[in-house]
Amino acid sequence: MDKILREIQREDKKNPYTDQELAEMLNVARSEVISVRKKNNILDSRERRKKILIKDISKIVSENPQMSERKITEILIENGYNISRSAVSKLLKEENLNQSKIGIKDKEPASSGKYVKVSKVVEEDGFEELIGIKGSLKEKVNLAKSAIMYPPNGLHTIIYGETGVGKSELATCMYKYAIKNNIKEENSPFIVFNCADYAENPNLLIAQLFGVVKGAYTGADANREGLVEQANNGILFLDEIHRLPAAGQEILFSLIDRGEFRRLGESSSNRKANVLIISATTENPDSNLLQTFRRRIPMVINLPNMSERPKSERYEIIIKFFEREAKRVNKNFIITKEVMCALMNYKCTGNIGQLKSDIQVTCARAFSKSIFSSDKVIIDLDSLRDYIKSGYYDCNCKNEKYSEFSVEDIYIDISELVSGKNRILSDNEISEIYNYAEKELKVLESKCFSEEELKNAFIEKLDKKFNAIKNNKNLSDRRSRIDWGGQLKESTLEIMDKVIVFIKEQFKHVNQGLYLALAIHIEHAIGRIKDGKTIINPSLDKIKASMPMEYELSRYIMGIVEDLTQVTFPEDELGYLAYYINKFCYNEESIKDKVKVVIVTHGKVGIEMSKVVNHILGIECTLGIEIALTDSPSEGIEHVLEELQKIEARKGILVLIDMGSLVILGDEVEKRLGIRCKTVNRVDTLLAMEAGKLATIEGKSLDGIIADLKKNKNYAMINTNKFSYRKNEYGKKNVIITLCLSGVGTALNLKEHIEKQIKEYDTLIEVKPVAFLNNNLEEELNDIEAEYNIIAICGTIDIDYKNVPFISYNEVLGKNGINKVLEHLNSKQPALNIENQLNNLIHEDLILYNFEGISKEYIIDTLVSKLEEGGYVDSKYILSVYKREAMGSVVMASKVAVPHGLPENVIKPAIAIARLNKPIVWDNKFMVDLVVLLALKENNKKEIRSLFSKINDQHTLEVLLNTEDKNEIKELLS
């Protein structure tokens, strides 16, 4: 209790801790925090800061009554508040500071005051501490947010993944998101229940979930509310949902469907509860939960395991756990690079959960050795368990797989572990250099280096840091002041305007990222000196010797800054300024010694694209070459070769092309000019910019550029393949067609699956999704065939196209699915030709007319039930229908819905039809009068085409929608 009160006492009054944050920080239950707070008459976090917040808002509004909510929010953030615009808006309304009273306008120009507005207000999120939200978890987080925001009370959700992947953490983040964005009140409950605890006792399960009435069983001597009542207007998190027996799942039906339940022992009346259910499981929900239960949980979020996530995210997770432990023991940490390598590389089968536990034990072992040390804990190999150490011995820290981040000694300073501080960019990218330098010096000093060794080691660290700053993607992406993720003083921008003019007079090529990077640095430097802090650079003499020109130019830059600020800088600062010049400014000779990026297009597009890229990056990093539209492929290649002979390309050439006819260009350059050359197809401005940046700014090799571009699935690599199946004399690229009715459901899923599989083979294969319902399907396929070699067609419908092999959806997803695809690269398989008549697929007992369809789900359930009863489909078919519908519905003529499931769940082909007595809304887009549910095999393509042509006929459709006779419906469609 004391520690909770102590943390509340010393919290930042502008950003008080929420109950959840206190619980996580102190490793106690949230309910305990709430209990202590209420017992001591302490308000919740919103109320605790309300008084000071109202005071500050009132002051801002009184000084400028016309100020918008957005601007008020920006000033509050500038003054140290961590607050969203929605929270400010809500408070203004609650306190009756409405627009009519203070004249607030939502639109206003940027002010000309002390600060220039350069940032957008970031809404409080709740997911900010979840690592990977912009990487491997981006799509998962978006799904989680959608589930929370969906009106009126969110979507019930299943989180699926291996043990330790972070299912509970994601559920907690969803709760925080709901609270921080005012979707739920701050005091809304978050109740956790582990289904495994009561898996074998349904009665106890009912009692725990729904409560008990007095006398319900022996010993029930009082009424007791259950977890559902406790979770009212909040979230109920059901962990290990797969351990819930069938009876337990069925118990929840009425709660999910109608928000009603009864306590154990109640028989007469129903109780109401507004509860959002989030559940977690390590087992496949489709095979381990009742289908009737699974259908009631519309949102499924599948979390990746540790091995499926990028190494960079594992690195961030490790640092995050070490920071938590440093804060817990209140000591600075030094973690050796050997420990980092071991933790990055050992087999962590328990995923994040095991990693967290292993780091806690490691810190405990290290802490016990340094318990009498005054300020720091050194974590070295001796602190690790043996099975973790094995990761170090198997690891090469200089290996390419670690190139995305730095595996080196880490210094964690607890004084900097303060939440709520917004930086322009993250600490391992472009945060001010002084903190980095101080941290590295502390680490180096702990190693007992000689003075010379320390200087050499420090300059090596400094060089890595400035390379990271130079290569930071945020610098090239944030080219205007509006795009910058923070705020810079007007005086800083005035200084930079003069500095950049001077620098451009000295260098022809200046990386445009220099403006923002140096502006941040100068602002930090001025603030540091004004605060009386020192600037130290122990390697100053070495920088001066290795960069004499940059060092002298730095003197002039320092003079500009000193004249405009009246602040005197120490000489050590010259070393840092010299590094910025060295890394961001280029002369002609340094540009020559880079890979040449050449953009070749038919017409002037390539030349103009090159100009745009060079202007944006501030460097002549690309060359554009035009091929006349009247030139043949061979003439075009000859012209390009003539132009390439004029340039100096010591490190090779990367050619970006616009058409497949130029794919052999790379081979021709290597054969006739003797220069290494790679070719990339389908050039656009973003691709050209990325290639130019990698080549000229980052100075990567030709192979390094190709490797980086291949990480982006949008860029199709040419001449980097290990396979060249069915490649003809024109250099056509191989393609696999994925096919489904709409082209956006199963076809896209198959595309992603195949691309993921063939990535391992590094093949020259593209995958294209195509819609069967496209009236010009054959024409589209002919166009594709003109440019590509079609290897195979994969999907749910065999269209028998020119003897191109067909591979069914089920085969592709099978264990050896990719091998079946690759087997067809040089072979032709006869397509199936099983022609069933529509008359044999449509049966009177499968036709419902004047049917009262109260909802989409009710109609689908009814039609599938008829198919199941007739032995046409198996029990899994209904789930495949809902999965398809979740990918996107097929609706024809805006009136006819065509739901369908997987062919593998069809026992014998059939079509079920419902002619509705009144139209219903289908997916919030269409008013549907007719539902035609297809249960067909891959070889029913002719029947599908015939059926769709009849539905698309306006006269036939009108008769269908007005007939009262089942036989007529069958005749019209047969």
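Some points to look at:
- Criterion: out of contact with any Leu (no Cβ under 6 Å at 6 or more places or on another chain), outside the structural domain of ASN614 (by TED's automatic domain parsing) and over 14 Å from TYR580 (Cα atoms) - qualifying residue of GLU562, GLU552: GLU562
- Selection of segment 862-886 for residues being under 31 Å from the mean Cα position of the chain (by Cα) and surrounded by fewer than 16 Cβ atoms within 10 Å (Cβ to Cβ) yields only ALA886.
- Residue selection: TYR175 satisfies the criterion of being touching a residue at least 40 places away in the same chain (Cβ under 8 Å), of a type in the set (Phe, Trp, Tyr) and part of a helix (DSSP H, G or I).
- Of the residues making up segment 345-357, one or more are in contact with a helix residue (DSSP H, G or I) (Cβ under 6 Å, 6 or more places away or on another chain), under 30 Å from ILE148 (Cα atoms) and of a type in the set (D, E, K, R).
To keep it simple, each residue is scored yes or no on (1) crowded, with 18+ Cβ neighbours inside 10 Å; (2) in a loop (DSSP other than H, G, I, E, B); (3) modelled with pLDDT under 90.
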{"position": "ASP125", "(1), (2), (3)": "no, yes, yes"}
{"position": "LEU130", "(1), (2), (3)": "yes, yes, yes"}
{"position": "ASN142", "(1), (2), (3)": "no, no, yes"}
{"position": "ILE179", "(1), (2), (3)": "yes, no, yes"}
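- Residues in segment 673-680 include at least one that is touching a Phe, Trp or Tyr at 6+ places or on another chain (Cβ under 9 Å), at pLDDT 75 or above and outside the structural domain of PHE806 (by TED's automatic domain parsing).
- Enumeration of residues in segment 202-219 that are more than 23 Å from VAL192 (Cα to Cα) and surrounded by 16 or more Cβ atoms within 10 Å (Cβ to Cβ): ALA216
- Boolean, SER268 is in the same structural domain as TYR150 (by TED's automatic domain parsing) and farther than 25 Å from GLY166 by Cα: yes
- The set of residues in segment 232-277 that are touching a helix residue (DSSP H, G or I) at 6+ places or on another chain (Cβ under 6 Å), charged (D, E, K, R) and assigned to a strand (DSSP E or B) contains only GLU260.
- One residue from GLY234, GLY166, GLY215 being more than 30 Å from ARG85 (Cβ to Cβ) and not basic (Lys, Arg): GLY215
- Spans of helices (runs of 4 or more DSSP H) in segment 549-659 with at least 3 residues surrounded by fewer than 19 Cβ atoms within 10 Å (Cβ to Cβ): 588-592, 605-617, 633-644
- Residues within segment 523-547 that are within 39 Å of the chain's Cα centre (by Cα), in a helix (DSSP H, G or I) and either on the phi > 0 side of the Ramachandran plot or of a type in the set (A, V, I, L, M, F, W, C) (or both), tallied: 2
- Among residues of segment 764-783, those that are in contact (Cβ under 8 Å) with a residue 24 or more places away in the chain and crowded, with 16+ Cβ neighbours inside 10 Å, counted: 11
- Condition met for LEU516 (modelled with pLDDT under 85, closer than 24 Å to GLU698 by Cβ, surrounded by 20 or more Cβ atoms within 10 Å (Cβ to Cβ) and not assigned by TED's automatic domain parsing to the domain that holds GLU620): yes
- Only one of ILE159, ILE191, ILE102 that is at pLDDT 85 or above and over 26 Å from the mean Cα position of the chain (by Cα): ILE191
- Being surrounded by 21 or more Cβ atoms within 10 Å (Cβ to Cβ), touching a residue at least 40 places away in the same chain (Cβ under 8 Å) and within 17 Å of GLY161 (Cβ to Cβ) holds for only one residue in ILE379, ILE352, and it is ILE352.
- Residue list for segment 278-318, restricted to those being under 20 Å from the mean Cα position of the chain (by Cα), under 30 Å from ILE878 (Cα atoms) and assigned to a loop (DSSP other than H, G, I, E, B): LEU303, PRO304, ASN305
- Of the residues making up segment 751-765, none is under 21 Å from ASN939 (Cα atoms) and of a type in the set (Ser, Thr, Tyr).
- Residues that are charged (D, E, K, R) and in a helix (DSSP H, G or I) were ranked within segment 660-680; the one that is nearest to VAL595 (Cα to Cα) is GLU670.
- Residues within segment 24-83 that are closer than 29 Å to ARG328 by Cβ and either basic (Lys, Arg) or assigned to a loop (DSSP other than H, G, I, E, B) (or both), tallied: 19
- Cβ-Cβ contacts under 6 Å between residues 6 or more apart (or on different chains), taken from a first residue in segment 929-950 that is free of Cβ contacts under 8 Å to residues at least 60 places away in the same chain to a second residue that is basic (Lys, Arg), are listed as ASP929/LYS895; LEU930/ARG915.
- Any pair with Cβ under 6 angstrom, 6 or more apart, that starts in segment 638-650 at a residue that is farther than 16 Å from GLU626 by Cα and ends at one that is hydrophobic (A, V, I, L, M, F, W, C): ALA649/ILE675
- Residue list for segment 301-310, restricted to those being touching a helix residue (DSSP H, G or I) at 6+ places or on another chain (Cβ under 6 Å) and surrounded by fewer than 19 Cβ atoms within 10 Å (Cβ to Cβ): ASN305
- In segment 131-146, the condition of being over 17 Å from the mean Cα position of the chain (by Cα) and not charged (D, E, K, R) is met by no residue.
The values are calculated or read from the model by the stated rules, or taken from the named source; none is laboratory data. For clarity, every value in this text was computed on a predicted model and none was experimentally measured. Cβ coordinates were reconstructed from backbone atoms using ideal geometry, including for glycine residues, and neighbour counts include every protein chain displayed.
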